[in-house]
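A.B. asks: Pasting in a structure now, in structure tokens, and then I'll have a few things to ask.
The values are calculated or read from the model by the stated rules, or taken from the named source; none is laboratory data. Just so you know, these numbers come straight off a predicted model, no measurement behind them. A quick note on method: Cβ atoms are made from the backbone with ideal geometry, for glycine too, and the neighbour counts reach across all protein chains shown. To get the accessible areas, we keep the full protein, side chains included, count just its heavy atoms, and leave off ligands, DNA and RNA. Shrake-Rupley method; radii C 1.70, N 1.55, O 1.52, S 1.80 Å.
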Amino acid sequence: MSLAFTTEKQLAISAVRRACSLTSSVFNKLVKNETLTKGDKSPVTVGDYSAQAVISSMLHCAFPEDPIVGEEDAAELRAEAGATLRGRIVELANEALVRELGQGDYAEWGIGPGSQQTSEQLLDAIDRGNYEGGRSGRMWTIDPIDGTKGFLRGEQYAVCLALLVDAEVQVGVLGCPNLPVDSSKPDGEKGCIFVAVRGQGAQQMKLSGADPAPLSMPPYSPSAFNFLESVEAAHSSHSTINKISSLMGITRPPIRMDSQAKYACLARGDGGAYMRMPTGVGYKEKIWDHAAGSLIIEESGGIVSDSKGQRLDFGLGQTLGENYGVIATAKDAHAKLLQAVQQVLRDPSVPSKA
Ligand SMILES: Nc1ncnc2c1ncn2[C@@H]1O[C@H](COP(=O)(O)O)[C@@H](OP(=O)(O)O)[C@H]1O
Ligand SMILES: [Mg+2]
Ligand SMILES: [Mg+2]
Ligand SMILES: [Mg+2]
């Protein structure tokens with residue numbers, strides 16, 4: 001087996017591009033009853049289901065033996081009450097599978113004219129994401145829409161796909177349809193893909209696949225340093241991060257953004273560190289929320305760890321287990337940041353910034 005992962009990388013980019021074309025078009029047409037609330041109270045839309053169906057169908061065609069750890073499953077859609085949503089998902093997924101996307105598309109991956117799937121085939125594709133994960137072998141992980149809340153607000157979200165081999169991320173792709181191509185032109189062209197293969201570096205390109213450019217994180221600069229954190233205070237403790245910021249004497253306000261788009265921004269130098277601090281409800285981080293982003297950071301020259309300085313462990317199943325919090329930053333900033341994080345966790349009486 002080649003370790004270049006050439007086909008895996010091409011397929012992952014192609015699948016993410018197709019899923020992004022789907023999520024962008026569904027946003028404009030989304031109607032109220034096309035969103036469900038899951039058991040954990042989080043939202044899931046027809047966009048999430050159909051994007052997972054598209055990516056999973058393409059993976060199955062190219063690598064039928066590879067198991068998939070996906071965020072979504074089709075149980076609600078198979079129920080009687082799911083019939084309307086099911087119809088929409090079949091329509092959306094098929095539109096995305098047959099759409100002509102030009103450059104970089106491979107008809108042999110079950111896409112293009114004539115690749116229409118039945119409702120049953122698409123529900124099965126979603127449910128192929130039911131693999132429980134683990135320490136050994138190849139597996140893919142899909143977060144069809146990461147930052148569903150951002151997606152629903154018309155803000156940032158990411159379509160995320162990663163290949164793990166023996167619990168190490170080897171290929172990671174993030175599609176960010178709402179992210180400006182150039183952060184100095186926030187009102188300019190939007191839509192980027194970020195790609196990394198372990199040992200081969202990371203790149204940003206346009207959603208069309210055009211203009212690939214290597215990513216390299218700038219070194220630590222105290223005066224320019226700031227944090228990238230979740231919009232949702234329920235996902236990551238804004239107050240803990242505020243204390244860390246105060247302790248480090250950071251003057252720039254945090255950039256709040258949904259999804260793994262934060263990792264992508266950090267990799268291209270928009271922000272000093274990705275920060276995620278637990279809110280104390282016992283939530284375990286999911287592998288699909290970090291796999292692609294963490295490789296993109298490492299391949300751009302950064303470090304990703306939990307708040308104890310441990311590497312993220314992708315070999316424990318669907319969750320990152322006991323990894324507590326996530327911090328990602330440039331190599332020369334990591335030790336300083338980790339020290340401040342640990343001091344605040346030991347002594348929560350550290351004052352906040354006003
Ligand atoms: N209590 C919690 N703590 C941390 N993360 C949580 C959480 N509840 C949900 N999440 C995760 O936060 C992700 C969004 O990340 P962010 O806050 O960086 O935008 C969600 O992904 P989905 O939107 O794919 O469900 C979900 O997996
Ligand atoms: Mg979700
Ligand atoms: Mg997610
Ligand atoms: Mg998601």
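A.B. asks: Where the accessible area of the chain is counted over protein heavy atoms with a 1.4 Å probe, how much of it, in %, is carbon and sulfur?
C.D. replies: Carbon-and-sulfur percentage of accessible area, whole number: 52.
A.B. asks: Right, here's the next one. Counting pairs of alpha carbon atoms under 8 Å apart in space and at least six apart in sequence, what relative contact order in percent does segment 36-115 give?
C.D. replies: 33 percent
A.B. asks: Same structure again: Residues of segment 76-94 with backbone nitrogen within less than 17 Å of a virtual label 7 Å along the Cα-to-Cβ line of Gln116, please, listed as ranges.
C.D. replies: Hits in segment 76-94 for Gln116 at 17 Å: 87-94.
A.B. asks: Keeping all protein chains in place, calculate the accessible area per residue for the chain (probe 1.4 angstrom), answer in Å².
C.D. replies: Normalised by residue count, the accessible surface of the chain is 41 Å².
A.B. asks: Which one, Ala333, Ala125, Ala79, has the greatest fluctuation when you compute a Gaussian network model over the chain with C-alpha springs under 10 angstrom?
C.D. replies: Looking only at Ala333, Ala125, Ala79, the biggest GNM fluctuation is shown by Ala79.
A.B. asks: What is the set of long-range amide H partners of Trp140 at a cut-off below 5 Å, with H atoms built 1.01 Å from backbone N?
C.D. replies: Long-range HN contacts for Trp140: Ile68, Val69, Leu164.
A.B. asks: Sticking with this one: Quick one: of the DSSP bridges fully inside the chain, what percent are antiparallel, nearest 5?
C.D. replies: 85 percent
A.B. asks: Then there's this: Identify the GluC sites (Glu not before Pro) of segment 1-91 meeting these criteria: DSSP loop state and at most 16 other C-beta atoms within 10 Å of the C-beta. Before the final figure, lay out the partial values.
C.D. replies: Numbers: sites: Glu8, Glu34, Glu65, Glu71, Glu72, Glu76, Glu80, Glu91; in loops: Glu65, Glu71, Glu72.
In loop regions of segment 1-91 (DSSP not H, G, I, E or B), the sparsely surrounded GluC sites (Glu not before Pro) are Glu65.
A.B. asks: In the calculated pair distance distribution of segment 1-113, what percentage of Cα-Cα distances lie above 17 Å?
C.D. replies: 56 percent
A.B. asks: A follow-up question, please. Rounded to whole Hz and in sequence order, give me ³J(HN,Hα) for segment 241-253 from the Karplus expression 6.51 cos²θ - 1.76 cosθ + 1.60, θ = phi - 60°, writing x for Gly and Pro.
C.D. replies: 5, 4, 5, 4, 4, 5, 4, 7, x, 6, 9, 6, x
A.B. asks: To one decimal place, what orientation-averaged projected area in nm² is obtained for the convex hull of the Cα set of the chain?
C.D. replies: The orientation-averaged projected area of the Cα hull of the chain comes to 16.9 nm².
A.B. asks: Hey, what angle do you get for helix 46-62 against the long axis of the chain, alpha-carbon based, 0 to 90 degrees rounded to 10?
C.D. replies: Compared with the principal axis, the helix lies near 70 degrees.
A.B. asks: Between the alpha-carbon centers of segment 262-306 and segment 307-354, tell me the distance in whole angstrom.
C.D. replies: Result: 10 Å between the Cα centres.
A.B. asks: Suppose a student asked you for the relative contact order of segment 146-303, using Cα pairs under 8 Å spaced at least 6 residues apart; what percent would you report?
C.D. replies: 27 percent
A.B. asks: Rounded to the nearest Å, what's the spacing between the alpha carbon centres of segment 23-77 and segment 156-221? Just the number, please.
C.D. replies: Using only Cα atoms, the two centres lie 21 Å from each other.
A.B. asks: When only DSSP loop residues count, what trypsin sites (Lys or Arg not before Pro) in segment 4-89 have their Cβ near at most 15 other Cβ atoms within 10 Å?
C.D. replies: Passing sites in segment 4-89 are Lys38, Lys41.
A.B. asks: Report ³J(HN,Hα) in whole Hz for each residue of segment 204-211, in order, from the Karplus equation J = 6.51 cos²θ - 1.76 cosθ + 1.60 where θ = phi - 60°; Gly and Pro get x.
C.D. replies: 10, 9, 6, 4, 6, x, 7, 6
A.B. asks: Cα extents of segment 197-236 along the three principal axes, largest first, in whole Å?
C.D. replies: Over segment 197-236, Cα extents along the principal axes are 34, 27, 20 Å.
A.B. asks: Beyond 20 Å between alpha-carbons counts as too far, so tell me which of Lys286/Lys331; Lys29/Lys262; Lys243/Lys308; Lys149/Lys286 fall in that bin.
C.D. replies: Numbers: Lys286/Lys331 24 Å; Lys29/Lys262 26 Å; Lys243/Lys308 17 Å; Lys149/Lys286 17 Å.
In this structure, Lys286/Lys331; Lys29/Lys262 lie more than 20 Å apart at Cα.
A.B. asks: Per residue of segment 145-153, what does 6.51 cos²θ - 1.76 cosθ + 1.60 with θ = phi - 60° give for ³J(HN,Hα)? Whole Hz please, x for Gly and Pro, Karplus curve as stated.
C.D. replies: Couplings: 9, 8, x, 4, 5, x, 4, 5, 7 Hz.
A.B. asks: A follow-up question, please. Among Val181, Val195, Val159, determine the one that fluctuates most according to a GNM of the chain built with springs between C-alpha atoms less than 10 Å apart.
C.D. replies: Of the options given, Val181 has the highest mean-square fluctuation.
A.B. asks: Along each principal axis of its Cα atoms, how long is segment 107-236 end to end? Whole angstroms, biggest number first, please.
C.D. replies: Between the extreme Cα coordinates on each principal axis of segment 107-236 lie 54, 36, 35 Å.
A.B. asks: What is the set of long-range amide H partners of Ala202 at a cut-off below 5 Å, with H atoms built 1.01 Å from backbone N?
C.D. replies: Distant-sequence amide H within range of Ala202: Leu215.
A.B. asks: Counting pairs of alpha carbon atoms under 8 Å apart in space and at least six apart in sequence, what relative contact order in percent does the chain give? Before the final figure, lay out each step's value.
C.D. replies: Values: 768 pairs, mean separation 55.6, N = 354.
Answer for the chain is 16 percent.
A.B. asks: Taking 2.2 N^0.38 Å as the expected size of a compact globular protein, what ratio does the Cα radius of gyration of segment 280-354 give against it, to two decimals?
C.D. replies: So the Cα radius of gyration is 1.17 times the expected 2.2 N^0.38 Å.
A.B. asks: Gaussian network model of the chain, Cα springs within a sub-10 Å range: biggest mean-square fluctuation belongs to which of Gly271, Gly321, Gly133?
C.D. replies: Gly321
A.B. asks: Short version: what are the Cα gyration tensor semi-axes of segment 45-109, square root of 5 times each eigenvalue, largest first, in whole Å? Can you show the working numbers first?
C.D. replies: Numbers: eigenvalues 104, 49, 14 Å².
Semi-axes from the Cα gyration tensor: 23, 16, 8 Å.
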